[in-house]
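Report on the following structure.
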C-alpha cells in the first residue's frame with residue numbers, strides 16, 4: 001500500500017482517466033505499477049515524452065481522458081508538444097512530473113531543468129500544483145483534473161520529494 | 001539517378017507518385033467514417049484538398065506526432081479504422097513512435113508515409129530518406145510486421161484496402177513527388193478539434209446554428 005500513489009490513481013480513475021502513457025522513472029514506480037494493474041486503464045510506455053503527449057492528445061481527441069507521466073528531465077522534451085498541440089487545441093491532458101534536481105539531488109545534470117519546469121508551465125499558461133503533503137493529494141489532484149476536463153485545458157501535477165521521498169544516491 | 005535518387009531509391013524501386021492523387025485515392029476508399037490524422041504541412045494540405053471530412057484531424061504544429069496522435073485515437077475509438085499520414089521528415093524525427101505502435105499493436109491503425117526524400121516545406125533540404133534510410137524497413141524492424149512499399153497507385157490502393165479489411169497495425173510507404181500541397185485547412189485549432197470530435201462521436205453532434 002502506497003498512500004500518495006493509490007490516491008492519485010483513484011482520483012484519476014474516478015474522474016474518468018482511462019489512458020496513461022509514460023517514460024519511466026524510479027519515483028513513479030508505484031503509480032506505473034498501479035495503472036498497469038488497473039483493469040479500467042490502458043497504460044504503456046512511450047519512447048519519448050513528447051510522443052507520450054501526442055498519444056495522450058489523440059486519446060483525448062477520441063473521447064478517452066488521458067494522462068502522461070514523466071521525470072522532470074523528460075519535461076525538457078515536451079514544450080513544443082504542449083505549445084503547439086495541448087494548449088492551442090485545448091486538450092485536457094493531465095501531466096504528472098516527478099521532480100528531480102531538488103532536495104538532495106546528487107546529479108548536477110538534473111538540477112537546471114528542474115528550475116525550468118514551473119516558469120515554462122507558467123509561460124504556456126498551463127496550471128500546475130506541486131504535491132508535497134499526503135493529506136492534500138486527493139484535494140489537489142481531484143480539483144486539478146476536474147478543472148482540466150471542465151475547462152478543456154491541460155494541467156500539471158509536480159510530485160515533490162517531500163511527498164515521494166525522491167531518489168537518493170546509492 | 002535524379003536529384004533525390006541514389007542506390008537506396010533504386011533498391012526501393014517503384015514509381016514516384018503524386019501525393020495529392022494518392023491522398024484522393026485513400027479518401028475515396030474511406031466510406032465507413034474512418035479517421036485520418038494528417039501531419040504538419042503538405043500531408044494535411046493535400047488531405048484537406050481531397051475534400052473536407054469531419055473525421056479528419058489536421059495537425060497545425062507538433063511536427064512528428066501524427067503517428068502518436070493516431071495511436072491514441074485508435075485506442076479511444078477501437079471500432080473505427082484509423083489512418084495516420086506523415087511526411088518522411090516528420091517521421092524521421094520520431095522513429096520511436098513506430099516501436100510504440102508495434103508494442104501496443106492496435107488492430108485498427110495504419111500509418112502511411114509520404115516519402116519524397118526532402119524537407120520539402122522548408123525549401124527542399126535533403127532528408128536521410130533520400131540516400132540512406134528505408135522507412136518501410138525501419139517500420140518492419142520496429143516490429144510492424146505488415147509494412148510495405150506501395151510501388152504504384154494500384155498497389156497503394158490494395159494496401160489501403162488491406163488496412164480497411166484486416167488487422168493492424170500496418171505501415172505503408174509511398175514515394176511521392178514534390179508538388180506543393182494543394183489546399184489549406186483553416187488554421188483554427190479549436191475549430192479543428194471540435195469538428196473532429198463531433199465528427200467521430202467523441203462529443204455530441206453539433207446542435208446546429210446558434
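The values are calculated or read from the model by the stated rules, or taken from the named source; none is laboratory data. No experiment lies behind these values; they were computed from the predicted model shown. Here Cβ is always computed from backbone atoms with ideal geometry, including for glycine, and neighbour counts include all displayed protein chains.
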Only residues that are surrounded by 21 or more Cβ atoms within 10 Å (Cβ to Cβ) and part of a helix (DSSP H, G or I): list them for region B:162-210, please.
-> B:163, B:192, B:193, B:195, B:196
Report, ordered by the first and then the second residue, all pairs with beta carbons closer than 7 Å, sequence separation of six or more or different chains, a first member in region A:91-113 that is under 12 Å from residue A:74 (Cα atoms), and a second member that is at pLDDT below 95.
-> A:100/A:167
With the condition kept exactly as written, say whether any residue in region A:33-47 is under 28 Å from residue A:88 (Cβ atoms), within 11 Å of another protein chain (Cβ to nearest Cβ) and buried (at least 21 other Cβ atoms within 10 Å of the Cβ).
-> yes
For residue A:131, work out the one condition from (1) farther than 27 Å from residue B:77 by Cα; (2) touching a residue at least 40 places away in the same chain (Cβ under 8 Å); (3) surrounded by fewer than 16 Cβ atoms within 10 Å (Cβ to Cβ) it doesn't fulfil.
-> (3)
Within region B:114-155, how many residues turn out to be under 20 Å from residue A:46 (Cα atoms) and either in a helix (DSSP H, G or I) or within 17 Å of the chain's Cα centre (by Cα) (or both)?
-> 7
So is residue A:29 under 15 Å from the mean Cα position of the chain (by Cα), away from every other protein chain (no Cβ under 14 Å), outside any strand (DSSP E or B) and free of Cβ contacts under 8 Å to residues at least 24 places away in the same chain or not?
-> yes
Scan region B:62-86 for residues that are under 14 Å from residue B:202 (Cα atoms), facing another protein chain (nearest Cβ under 8 Å) and in a loop (DSSP other than H, G, I, E, B) and jot them down.
-> B:77
Qualifying position, being assigned to a helix (DSSP H, G or I) and either modelled with pLDDT of 95 or more or within 14 Å of the chain's Cα centre (by Cα) (or both), among A:110, A:153 = A:110
Residues satisfying the stated conditions in region B:64-78, i.e. over 10 Å from the mean Cα position of the chain (by Cα) and touching a residue at least 12 places away in the same chain (Cβ under 8 Å) | B:64, B:65, B:68, B:69, B:71, B:73, B:74, B:75, B:76, B:77, B:78
Checking A:129, A:141 in turn, the sole residue that is closer than 29 Å to residue A:80 by Cβ, in contact with a helix residue (DSSP H, G or I) (Cβ under 9 Å, 6 or more places away or on another chain) and not in a strand (DSSP E or B) turns out to be A:141
Restricting region B:88-134 to residues that are touching a helix residue (DSSP H, G or I) at 6+ places or on another chain (Cβ under 7 Å), away from chain A (no Cβ under 14 Å) and closer than 21 Å to residue B:162 by Cβ, which is surrounded by the most Cβ atoms within 10 Å (Cβ to Cβ)?
-> B:113
Return a yes/no flag: does region B:117-131 have any residue that is under 18 Å from residue B:83 (Cα atoms) and in contact with a strand residue (DSSP E or B) (Cβ under 9 Å, 6 or more places away or on another chain).
-> no
Residues in region A:48-103 that are surrounded by fewer than 23 Cβ atoms within 10 Å (Cβ to Cβ), outside any loop (DSSP other than H, G, I, E, B) and within 9 Å of chain B (Cβ to nearest Cβ): how many?
-> 3
Residue set B:46, B:21; condition modelled with pLDDT of 95 or more, crowded, with 24+ Cβ neighbours inside 10 Å, under 15 Å from the mean Cα position of the chain (by Cα) and away from chain A (no Cβ under 14 Å); output residue B:46
